[in-house]
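The structure's right below; bear with me while I get my questions together.
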Amino acid sequence: MNKVCFVSIDVERSVENLDKILDIFKKYNLPATLFTTGYVLERYPERVLSWSRDFEIACHTFTHRYWDTISQEERETELEKFNKLYGQMFNRKPAGFRVPSHIIDESGLKLLENKGFLYDSSIVPHYPPFKRYRGYQGKAPLVPYYPDEQNCRQKGKMRILEIPAAGGLFGLPLVGVWIIKLPFFIFKISLGIYQPPFITLSMHPWDNLKTRFLRNLERMVKLLKSKNYQFANGREIYASISKNK
Ligand SMILES: [Zn+2]
């Protein structure tokens, strides 16, 4: 693969604001992974089914509780509940997972592996500029990798693929909040200077409550296209990497 942009949305609430974002993705023919909670699956099954016609639906836990505040057993119960509901809707297992607030650890990844998840996308691999972020827990590879059992921020031999939430120059994150807050030329300059081989574009439905968000998102998509990024969802990234393993 050449330069790849992983497109994802975390869907835990504000679902009524999602469709306008997806319209932009459809307009530019972008694949995306929607990390969706079990609650959303349970409460909005028709919406989820309609999203699934164009986009990948993956797991964002059942209740959106942070994994550093619950036991391994509770994590397991959440995944089982999610997978059961997902199975009823789609007749298969979800391939991907993202933990709430990006706080993952080795035992969490091991659990995901045992539950048959093919990839995780929780790790924030570099220090995000502008503010302290509790999801950042140390440096990690900036491209998808198989983690080490003892240290999930290093390459190793686990079967689950980690697709890190990698940003641009100096870790500049291509996430909703900064797409809203930063003047767009900063992204333009940054991606003009340096185009990382792998980058993630991620957001939440509620980002769309700010009027400038959709406009800037569209500019971002055009900018990434002009830099020859190939857009992919998690399943596609997993498929291309596992094939070449
Ligand atoms: Zn979330």
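Stokes-Einstein at 20 °C, 1.002 mPa s, Kirkwood radius from Cα pairs: D for region 14-64 in µm² s⁻¹?
Calculated translational D: 191 µm²/s.
Let me ask you something else. Quick one: length gained pulling Tyr127 to Asp23 fully straight, 0.36 nm per residue minus the C-alpha distance?
So the extension gain works out to 34.3 nm.
For region 4-243, what is the charge dipole size about the Cα centre, in debye to the nearest 20, if Lys and Arg each add +1 at the Cβ and Asp and Glu each add -1 at the Cβ?
900 debye
Output the antiparallel fraction of DSSP beta bridges having both residues in the chain, as a percent to the nearest 5.
5 percent
Still on this structure, I have one more. Can you list the lysines whose alpha carbon is less than 20 Å from that of Lys181, not counting same-chain residues fewer than 8 positions off?
Lys20, Lys131, Lys210, Lys222
Please state the equivalent ellipsoid semi-axes for the chain: what are the square roots of 5 times the Cα gyration tensor eigenvalues, largest first, in whole Å?
Gyration-tensor ellipsoid for the chain: 26, 22, 17 Å.
What distance in nm lies between label points placed 7 Å from Cα along the C-beta direction at Thr63 and Glu76?
Using points 7 Å along Cα→Cβ, the separation is 1.7 nm.
For region 66-114, rounded, prolate or oblate, judged on the Cα gyration tensor with a ≥ b ≥ c (square roots of eigenvalues), a/c < 1.5 rounded, else prolate if a/b > b/c?
It is prolate, given that a/c is not under 1.5 and a/b is the larger ratio.
For region 60-69, just list the computed ³J(HN,Hα) in residue order, Karplus coefficients 6.51, -1.76 and 1.60, θ = phi - 60°, integers in Hz, with x standing in for Gly and Pro.
10, 6, 8, 9, 6, 6, 6, 6, 7, 10
Full-extension gain between Gln154 and Phe185, please, as 0.36 nm times their residue separation minus the C-alpha to C-alpha distance.
This chain segment gains 7.8 nm when fully extended.
A further question follows. Please report, in cubic angstrom per residue, the volume enclosed by the convex hull of the alpha-carbon atoms of region 125-229.
So the per-residue hull volume is 111 Å³.
Next up: Please list, or write none, the aspartates and glutamates whose alpha carbon is within less than 16 Å of the alpha carbon of Lys27, excluding same-chain residues fewer than 8 places away.
Lys27 reaches Asp19, Asp54, Glu218.
Setting aside same-chain residues fewer than 8 positions from Lys155, which lysines have a Cα under 20 Å from its Cα?
Filter leaves Lys110, Lys139, Lys243, Lys245.
Bear in mind these aren't lab numbers, they're just calculated from the coordinates by the rules spelled out. What you are looking at is a predicted structure, and each value in this text was computed from that prediction instead of being measured. As a convention, Cβ positions derive from the backbone with ideal geometry for all residues, glycine included, and neighbour counts pool all protein chains shown.
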